[in-house]
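Down below is the structure, laid out as C-alpha cells.
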Amino acid sequence: MTSGPGPARRLLRGLSGAGGRRRGTDDGTPDDGGAPGDAPAGRARARAFGLRTRLVFAFLLVAAVSAGTTSALTYREARNALLKTAQDTAVSSFRDQVQQTGWTLPVRGEGLEEVLRDIARKGKPRPWVVFAEYGSVRASSGENPVSTVITPELRRAARAHPSGSFERVVKDGVPYLTIAMPTVLRTGPEGVLPSGLVLYAVMRMTDEQVNVDALLVAARDGALPGLVIALIPGLIAARSVLRPVRELRQAAQSMGSGRLDTRITVRGSDELADLARTFNDSAGKLERSVRELREAEARARRFASDVSHELRTPLTGMLAVTEVLDEDAGRLDPDTARAVRLVSTETGKLAVLVEDLMEISRFDARAAELNTDEVDVAETIRKTLQNRHWTDGRVRTELPSGIRARLDPRRFDIVIANLVGNALRHGGAPVTVSLRGEARSSGPPVLIAQVTDSGPGIRPDVLPHIFDRFYKADAARTRSAGSGLGLAITQENVRLHGGTVRAGNLPGGGAVFTVEIPLRPEEAGG
Amino acid sequence: MCRRAGAVAVASGVLLLGGCGIQETDVIEAGGPASVQAFVDRDYDMLLFFHSRDGGISPVVRSTGSTFEYGPEGGPVDGQDPTGADAVPVPTEKVVLALLSGPDEQDRAAGLSTSLPPAPRAATLRVEVPPGGEEVMADLPIALDGLGRTALRQLICTIAYSHGADGRATVRLTGRDGVSASGTCGLDPASGQRS
C-alpha cells in the first residue's frame, strides 16, 4: 500500500511529462501556421534585392561592360579611321592640286580667284573652299576672301614651317577640316625656296559627321540587343538557383506544418543538390525521432490507461469489502478498527485516483466527448454545490440568473466542483463562486465563472505549475485528500469547451480561479 | 559592391567613348609643302627678294626684259650696260641693281616692298667670286651702315640665289661707306637643317 503509489506516481509523472511535451507540439503548430502569415510581406521586401534581381543585374552589368567596351572601342577606331582617311585624302589631293597649278611670282590678285575656284572644284573627297594668302593679297574661291574658320595657330604654323598641316575646327557645331599648304619653289636639284604663297583649304566635314553619327548609332544599336540577350542567360541562371531554393523553402514550410515525410528531389551534383541531400537526411532523422517519440508516448498513455482499467476491477471488489468492514468496524477492538477504517479510506482515495487517471487518459487519447446541452449556468452551479453539500455558509454565491450557455453539464459540474473543492481544501473559507457574462471587443461574449477563496493565496513560484498533473504546491504535504489531478482535469474540461482557466491572487490575499468559456452555443459542441 | 562596379562601368564607358562625334584637333603636320613651278629660267629670269608687310621675305621672278622697262622712278638704270644685256646667265651685278631699283607695280600690288635705299645714279658695283665658289663678295654702291636686318637679308638672298641655284653661298657685302656684312640666305628649310 505504501510502496504502491511510488511507481505509479513515477509512471504518471513521466506520462504527464510526455503529455506536456505533446502539448508543446500542439501549441507549436498554430505558431507555425501563423508564421506564413508574416512571410509574404517579408518575401516581397526581400524580392526587391532578391537572388533573381541580383543575378540578373550581375549578368546585365557584365554584358553592359563588355558590349559597351567593345562598341566604344570599335566606334572610336572606326571614327578615327574614317576621319584619317578623309583628312589624308584631302591633304594629299590639295597638295597635288596646288602643285599642278602654275603660279607666277609675284602672285597677281587678278584672276587668282578663278585659279582658286579651279582648285576648289577638284577638291577630294568633296569640293573645298580655297584661300590664298600672299603678301597682302587675299583671295578665295568663295565669297569672303578671308576665312573665318582658319585659326591663327594654323596660319602661324604654315608661316613658320614650310610643311603641310591640317586642323579640325568645330564652329557653330559644324566640324571643318582646315588645311594649310605653304608653297615652295624648286630652285635646284635639292634646293627649295618658300615662295611666300600659302594656300588654305576649308572643307565641311558634314558627310563625315553623318558617317560618324551612323557609327555611333550602330554601336549603340549593337550594344542594346546584347544587353537584352544577356537578360536571358541571367534569368535562366537565376531560375536554376531559385527553383531549388524555392523547393527547399516549401519543403521546410511543409515540414514545419507537421508533414515530416516531406522530401526534395535531388537534381545534379552541385552545392544546391548537396543542400537538398542534407535536408532530406535531416528530415529523415527528424521524422524517425519524432515517430519514436510518438510511439513511446502512445505506449506510455496506453499503459496508464490499461493500468487504471486493470486497477478498477479489483478496486470495485475492494470497495465493496471495505464497506462491509466499515460497518463491522464497531465490533472490532479499537486498533483493528482504526486499521480497517484507514484501509477503507485509502481504498476510497485509490478509487478516486483511478477514476481521475482514467479521465485524464481519455483526454490524452482525445477520446473525451462533449455532450452539450443548453442550460442555465447559475442553476447548474447551484446544483453542483448542493450535490456536494457545500451549502453551509462556507461557500458564498453571486449567481445572477438568466445566463444561459451551451455546456456539457457533467463536465461543467466537475470544473466547478474541482475548483470549489480545491479552494476549500487549500485556501480558506469562505469561498465565493461568482458568475457573469461579458462582451468581448473581438470574438463572441464569454461566460466568466470565478472561484475566490480567503486563504493566503498561491505562491508566485507555484502559479505557473498550478495546473500540472500531480503538482504539489506544498512539497512537504505529499498526501492530501485530492488525487493531484483535479486541476489538470478541470483545465482539460474547460479546454474541451473552448475556454481557458487562469489562476491568480487577489490583491488582498486569496487565490482566484477564473474560467472563461465562450458563449457560442452552436460551436461549443464542436 | 554592385554600386562600385556600376561606377567603374560608367567611368570606363565615358573614358572609352571619349566624346562622340568629330572633335577639334590641334594643328597637325601632314607631309611636306607644295612645291610649285614658277617657271624660273635662270638664263633670263632674276629672283629678287622683297618683304611683305609682316616682315617675311618673298622671292619674285622678274625677267631681264622688265628691268629695262621698269627702272627706278621709271627710267633705265645706269651701270647695266657694262655687264651686257644679253649675257647668260643674268649677271649678279644686274640682279643687284634690279633689286636696288625696288619693287615694280606688280610687286607693290601684291603688297611687297623693299627696305633698301635706291641706288644712286651711275652706281657701280663689283661682284667677285673667290676660288672655291662657296663665297661671293660684293662691293655695293650704297651705304650699309644703318640698314636693317630685312634689308641685309634681301641683299644676301638675292645675291646668293643669283650666284647659285640652291642659294647656299656665303655672301660678303661691303658698302660704299666701308661697312661690311656677311651671311647666308637660309630660306631653304633643307639647308637650314643641314647647317
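To keep it simple, each residue is scored yes or no on (1) without any contact (Cβ under 8 Å) to a residue 12 or more places away in the chain; (2) more than 10 Å from chain B (Cβ to nearest Cβ); (3) of a type in the set (S, T, N, Q); (4) not in a loop (DSSP other than H, G, I, E, B).
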site	(1), (2), (3), (4)
A:114	yes, yes, no, yes
A:118	no, yes, no, yes
A:130	no, yes, no, yes
A:150	no, yes, no, no
A:157	no, no, no, yes
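Sub-7 Å Cβ pairs linking a first residue in the stretch A:368-391 that is closer than 19 Å to residue A:515 by Cα to a second residue that is aromatic (Phe, Trp, Tyr), at least 6 apart or interchain, are A:380/A:412, ordered by first then second residue. Put simply, of A:222, A:109 the only residue that is modelled with pLDDT under 85 and more than 30 Å from residue B:42 (Cβ to Cβ) is A:222. Quick check: anything in the stretch A:94-101 at pLDDT below 90, part of a loop (DSSP other than H, G, I, E, B) and not hydrophobic (A, V, I, L, M, F, W, C)? Yes; the residues of the stretch A:94-101 include at least one that is at pLDDT below 90, part of a loop (DSSP other than H, G, I, E, B) and not hydrophobic (A, V, I, L, M, F, W, C). Quick check on my filter: what residues within the stretch B:41-58 are in a strand (DSSP E or B) and among the acidic types (Asp, Glu)? Matches in the stretch B:41-58: B:45 only.
Being touching a residue at least 12 places away in the same chain (Cβ under 8 Å) and not in a loop (DSSP other than H, G, I, E, B) narrows it down to one of A:229, A:236, A:264, so name that one. Lay out the reasoning, then the answer.
Values: A:236 fails: touching a residue at least 12 places away in the same chain (Cβ under 8 Å); A:264 fails: not in a loop (DSSP other than H, G, I, E, B).
Just one listed residue meets the conditions, A:229.
Screening B:103, B:91, B:82 for residues that are modelled with pLDDT of 60 or more and under 18 Å from residue B:139 (Cα atoms) leaves exactly one candidate, B:91. The strands (runs of 3 or more DSSP E) found entirely in the stretch A:332-429 include none that carry 2 or more residues being of a type outside the set (Asp, Glu) and closer than 23 Å to residue A:483 by Cα. Across the stretch A:180-209, the qualifying residues are those that are facing chain B (nearest Cβ under 9 Å) and either part of a helix (DSSP H, G or I) or within 60 Å of the chain's Cα centre (by Cα) (or both), and the one among them that is surrounded by the most Cβ atoms within 10 Å (Cβ to Cβ) is A:208.
Quick check: is even one residue across the stretch A:172-179 within 9 Å of chain B (Cβ to nearest Cβ), assigned to a loop (DSSP other than H, G, I, E, B) and among the acidic types (Asp, Glu)? No, the stretch A:172-179 contains no residue that is within 9 Å of chain B (Cβ to nearest Cβ), assigned to a loop (DSSP other than H, G, I, E, B) and among the acidic types (Asp, Glu).
In the stretch A:78-86 there is at least one residue that is in a helix (DSSP H, G or I), touching a strand residue (DSSP E or B) at 6+ places or on another chain (Cβ under 8 Å) and either in the same structural domain as residue A:348 (by TED's automatic domain parsing) or at pLDDT 85 or above (or both).
When the stretch A:58-74 is filtered for residues that are at the interface with chain B (Cβ under 7 Å from one of its Cβ atoms) and touching a residue at least 12 places away in the same chain (Cβ under 8 Å), the ones remaining, listed by number, are A:64, A:68, A:72. Taken together, A:383, A:349 contain a single residue that is surrounded by 12 or more Cβ atoms within 10 Å (Cβ to Cβ), in the same structural domain as residue A:519 (by TED's automatic domain parsing) and within 30 Å of residue A:397 (Cβ to Cβ), which is A:383. Residues considered: A:301, A:331, A:338. Of these, the only one that is in contact (Cβ under 8 Å) with a residue 60 or more places away in the chain and outside the structural domain of residue A:486 (by TED's automatic domain parsing) is A:301. Using the structure shown, decide if residue A:135 is touching a strand residue (DSSP E or B) at 6+ places or on another chain (Cβ under 9 Å), modelled with pLDDT under 85 and within 12 Å of chain B (Cβ to nearest Cβ). Yes, satisfied.
Filter the stretch A:160-171 for residues that are modelled with pLDDT of 85 or more and more than 7 Å from chain B (Cβ to nearest Cβ) and give the result. Answer for the stretch A:160-171, where residues must be modelled with pLDDT of 85 or more and more than 7 Å from chain B (Cβ to nearest Cβ): just A:171.
The values are calculated or read from the model by the stated rules, or taken from the named source; none is laboratory data. Please read all numbers here as calculations on a predicted model, not as lab measurements. With ideal geometry, Cβ positions are generated from the backbone for all residues, glycine too; neighbour counts draw on all protein chains shown.
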